[in-house]
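These notes concern the structure reproduced below.
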């Protein structure tokens, strides 16, 4: 029986038999507004502390204890928020998601983007990575270790591929064609890696040339996939 199932089972049995205690996990949350605000503040302190610790020490080397010291939070309090270090780094990834999702939502709605439009999009994507360099480094390190995080990030590319199929009739074949989905996944992975190396690693001395190369690769992918859908 999984933990969630056990909680549901315990709650049901407690209702059926009032003599049985309800576990802490199963109790309804009766926190007042002040307690909720304090909990939210602690949650943020843990995430901010983790970002600083992971950035300074590296994800693999850092421990939960290091995060507790940095954030000034007790071990008991930490485990009331996160099950461990993997859950903490997942929360860091989730906090970045609202920033990049609008960019990709814009990309998938471009019916036939010009090279100039794609260059502008790539430029803003690189700027986002640069503004959050520490988080990008942490997620790169953690995804090489944490299997669930790796598949979570891979799932984001799968979702973008499906969104291309939904919003662009010329790319509708991306919905069910495994080979086409693979090509899309590789193209999106290239974009992600290019943004990382341009913004974080200073891979290209001439950033404009790097952004132009990114846009050309993306333009090639979109153009060729549209032609596959409507061959002459």
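Each reported figure results from applying straightforward, stated rules to the coordinates on display, with no laboratory input. Since the structure is predicted, the reported quantities are computational estimates derived from the model, not experimental observations. Every residue, glycine among them, receives a Cβ derived from its backbone with ideal geometry; neighbour counts consider all protein chains shown.
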Using only the alpha-carbon atoms, how far is helix 85-108 inclined from the longest principal axis of the chain? Give it as 0 to 90 degrees, nearest 10.
30
Assertion target for 153, 227, 171, ordered by fewest C-beta neighbours within 10 angstrom first, is 227, 153, 171
How many percent of all Cα-Cα pairs in segment 33-82 sit more than 16 Å apart?
35
Fewest-first sequence of 85, 36 by Cβ atoms within 10 Å of each Cβ:
36, 85
For the chain, the longest principal axis of the Cα atoms and the Cα long axis of helix 133-143 enclose an angle in degrees, to the nearest 10, of 80
How large is the convex hull of the Cα atoms of segment 115-232 per residue, expressed in Å³ as a whole number?
107
If you fit an axis through the alpha-carbon atoms of helix 33-57 and take the longest principal axis of the Cα set of the chain, what angle between them do you get, 0 to 90°, nearest 10?
60
Order these by the 10 Å Cβ neighbour count, fewest first: 67, 126.
126, 67
Could you work out, for the chain, what percent of all Cα-Cα pairs fall into each 5 Å distance bin, beginning at 0 Å and stopping at the bin that holds the largest distance?
1, 6, 11, 13, 13, 13, 11, 9, 8, 6, 4, 2, 1, 0, 0
